[in-house]
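Written below as structure tokens is the structure these notes are about.
The values are calculated or read from the model by the stated rules, or taken from the named source; none is laboratory data. Worth saying up front: this structure is predicted, and the values here are computed from it rather than measured. Quick reminder, even Gly has a Cβ in these numbers, built from the backbone with ideal geometry, and neighbours come from all protein chains shown.
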């Protein structure tokens, strides 16, 4: 058997997860419309990392690209997971907040500008602790302002996933797109094992991790909007669809009574079977529970 | 860790509202009460430990699923009730903050704790954006996800000036384990690097705090200390009403202009380049 | 934490465009190439791994024996091996010629 003409789709498919933060962001935009703002040549670096003997990065791990998606103005804010675990510091947080606020200003002036957040992050950068945490509070605030005027679309691909305070940013977003490889949660398995013990969460149990935090589970539970395969085209087209769709009728984080009731109905007497909960919430959703 | 977490929250909630128990429909860990401050009614909120919680991972005062949605529920109740009122009559919302952290549990992660936290953060921010003065009064601990959920969306943040008050991203022991340093090393680092400090006076240098209040006995404040706190909160409410509904004030003070100058420069550059893009 | 600088006055060919490659992950580095304002090339390295000035010098002596661009090179390094450094430099050169 020769290999001529034998080209299964997965061979042709361009992997999204293999791209770095910058390439992921660029891949979303209409051709020739994308410009990077406050990029590596501007050297907006962390003043705090060198004080601790840690090498900074010239973009502080946050890449901001402005351009058009499906012909509509958009900005992508992408965290580089390979730099300090994508964690939020003073400068990376400030870049994110500034880009969101500028999108809000444009949107209010009649030019709705969607924001796409590529969240590859463990949350606060501990070397900048309180400035990182304050920045995350401001990111949440800025998303809440922008989403009133234009969609805020969070994309989580992996391998870092979206954890810590930035999981709240995903939670207040208009839409969340996840790959199967991706994970989303407030606390990662290691920190739960550390704080509450191995019985509470065995961080070496990969099946457990994806059963709880993984993309398929989160989308299945209605806590994220779309599950996408690892392909640049698939992610790009999901983003285009949500940019075009505009604001949702209601935001997930506004549906307090619905989720308050679901938590009240939880049997907390033992650990919860993730698949069973997924089925339960999925059937509630299909009965008109959520959008 | 210094004294029991959560006891200060309950104590201050009690002296400010006269209540120390949750409403019937709320989990025992979430105190919500309308009480007078200055010459108006305000909604006071506090998360306290509930050793009997049906969720084992919140029994020491962590903020979990029930807590996130209960806070969001009570805030949205006020948001709706005051919907058509002019800004000057929107009820202030006062978060009394003494939280250990977010809940670290498998049940919590499975049932989407991140969304419960987001819902509460959303409610606080929405109230602020609608014109309600939102004040956070940190009387004990304010850590990471717990503070993001309960307090960090406030217009103004006040804190007691006391060794028992810590605002930080992660408590010392856990941070030491993760960064592979000793607790002593972390404390030393905190002295050189203000954002890493566990000392609330260093936090104040970051420009995020509206006021530090000194009180002799934080667990049992006397009447004059309670009055001083009430006056400070009342003044913060008035100040919040005069200002904008966003978090811009956190960039404006001389302390912020200094401590956050790298962030300020990045924002200015972003604005300049955005206009030309 | 070390700050290392080198100067190669003979490298004077004008650069077509600037370049940036790499990520400052553990064992890796980022490098940017920009046209230099004056004659010659300048190298500036910020590295979290101390004590390897001679190794860096050897890498750049070798690099500039083949490359003559008038370039300001800036590197943020978190422990890249000499082989990785050369690879990143070559990637950057390629980008300047696109």
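In region A:151-190, the residue that is nearest to residue A:214 (Cα to Cα) out of those that are surrounded by fewer than 24 Cβ atoms within 10 Å (Cβ to Cβ) and free of Cβ contacts under 8 Å to residues at least 40 places away in the same chain is A:189.
Got a sec? Which of B:213, B:219 is surrounded by fewer than 18 Cβ atoms within 10 Å (Cβ to Cβ), under 15 Å from residue B:140 (Cα atoms) and touching a helix residue (DSSP H, G or I) at 6+ places or on another chain (Cβ under 9 Å)? So the residue among B:213, B:219 that is surrounded by fewer than 18 Cβ atoms within 10 Å (Cβ to Cβ), under 15 Å from residue B:140 (Cα atoms) and touching a helix residue (DSSP H, G or I) at 6+ places or on another chain (Cβ under 9 Å) is B:219.
For region B:263-273, the count of residues that are surrounded by fewer than 13 Cβ atoms within 10 Å (Cβ to Cβ), within 14 Å of chain A (Cβ to nearest Cβ) and at pLDDT 95 or above is at least one.
Screening A:8, A:73, A:47 for residues that are closer than 25 Å to residue A:113 by Cβ, out of contact with any strand residue (DSSP E or B) (no Cβ under 7 Å at 6 or more places or on another chain) and surrounded by fewer than 24 Cβ atoms within 10 Å (Cβ to Cβ) leaves exactly one candidate, A:73. Please work out which residue is surrounded by the most Cβ atoms within 10 Å (Cβ to Cβ), limiting yourself to region A:86-105 and to residues that are in a helix (DSSP H, G or I) and in contact with a strand residue (DSSP E or B) (Cβ under 7 Å, 6 or more places away or on another chain). Ranking the qualifying residues of region A:86-105, first place goes to A:92. Among the candidates B:49, B:27, the residue that is under 21 Å from residue B:166 (Cα atoms) and either touching a residue at least 24 places away in the same chain (Cβ under 8 Å) or outside the structural domain of residue B:146 (by TED's automatic domain parsing) (or both) is uniquely B:49. Please verify whether residue C:27 is at positive phi, assigned to a loop (DSSP other than H, G, I, E, B) and out of contact with any strand residue (DSSP E or B) (no Cβ under 9 Å at 6 or more places or on another chain), treating the condition exactly as stated. So residue C:27 passes the test. Entry remark, region B:185-210: residues being within 11 Å of chain A (Cβ to nearest Cβ) and either surrounded by fewer than 16 Cβ atoms within 10 Å (Cβ to Cβ) or not in a loop (DSSP other than H, G, I, E, B) (or both) number 12 in total.
Among the residues of region B:54-63, just one is under 13 Å from residue A:264 (Cβ atoms) and touching a residue at least 12 places away in the same chain (Cβ under 8 Å), namely B:55. For region B:89-99, the criterion of being surrounded by fewer than 24 Cβ atoms within 10 Å (Cβ to Cβ), over 23 Å from residue B:157 (Cα atoms) and either free of Cβ contacts under 8 Å to residues at least 24 places away in the same chain or in the same structural domain as residue B:154 (by TED's automatic domain parsing) (or both) is met by none of the residues. Just one of the listed residues (C:83, C:51) is part of a loop (DSSP other than H, G, I, E, B) and more than 12 Å from every other protein chain (Cβ to nearest Cβ), namely C:51. Looking only at region B:48-64, filter to residues that are over 18 Å from the mean Cα position of the chain (by Cα) and in a loop (DSSP other than H, G, I, E, B); which one of those is nearest to residue B:33 (Cα to Cα)? Restricting to residues being over 18 Å from the mean Cα position of the chain (by Cα) and in a loop (DSSP other than H, G, I, E, B), the top hit is B:50. Selection of region A:256-270 for residues being assigned to a loop (DSSP other than H, G, I, E, B) and more than 8 Å from every other protein chain (Cβ to nearest Cβ) yields A:265, A:267, A:270.
Would a scan of region A:55-68 turn up a residue that is out of contact with any strand residue (DSSP E or B) (no Cβ under 9 Å at 6 or more places or on another chain), touching a residue at least 60 places away in the same chain (Cβ under 8 Å) and part of a loop (DSSP other than H, G, I, E, B)? Scanning region A:55-68, I find no residue that is out of contact with any strand residue (DSSP E or B) (no Cβ under 9 Å at 6 or more places or on another chain), touching a residue at least 60 places away in the same chain (Cβ under 8 Å) and part of a loop (DSSP other than H, G, I, E, B), so the answer is no. If I filter region C:49-68 for residues that are buried (at least 19 other Cβ atoms within 10 Å of the Cβ) and under 26 Å from residue A:87 (Cβ atoms), do I get at least one hit? Checked against the condition, which is being buried (at least 19 other Cβ atoms within 10 Å of the Cβ) and under 26 Å from residue A:87 (Cβ atoms), region C:49-68 yields no hits at all.
Of the residues making up region A:248-270, just one is at pLDDT below 95 and either touching a strand residue (DSSP E or B) at 6+ places or on another chain (Cβ under 9 Å) or crowded, with 16+ Cβ neighbours inside 10 Å (or both), namely A:268. Residues in region A:114-150 that are more than 12 Å from chain B (Cβ to nearest Cβ) and surrounded by fewer than 24 Cβ atoms within 10 Å (Cβ to Cβ): 1 in all. Quick check on residue B:72: is it within 7 Å of chain A (Cβ to nearest Cβ), within 23 Å of residue B:28 (Cβ to Cβ) and within 19 Å of the chain's Cα centre (by Cα)? The answer is yes for residue B:72. On the stretch given as region B:103-130, residues that are within 7 Å of chain A (Cβ to nearest Cβ), closer than 22 Å to residue B:156 by Cα and not in a helix (DSSP H, G or I) total 0.
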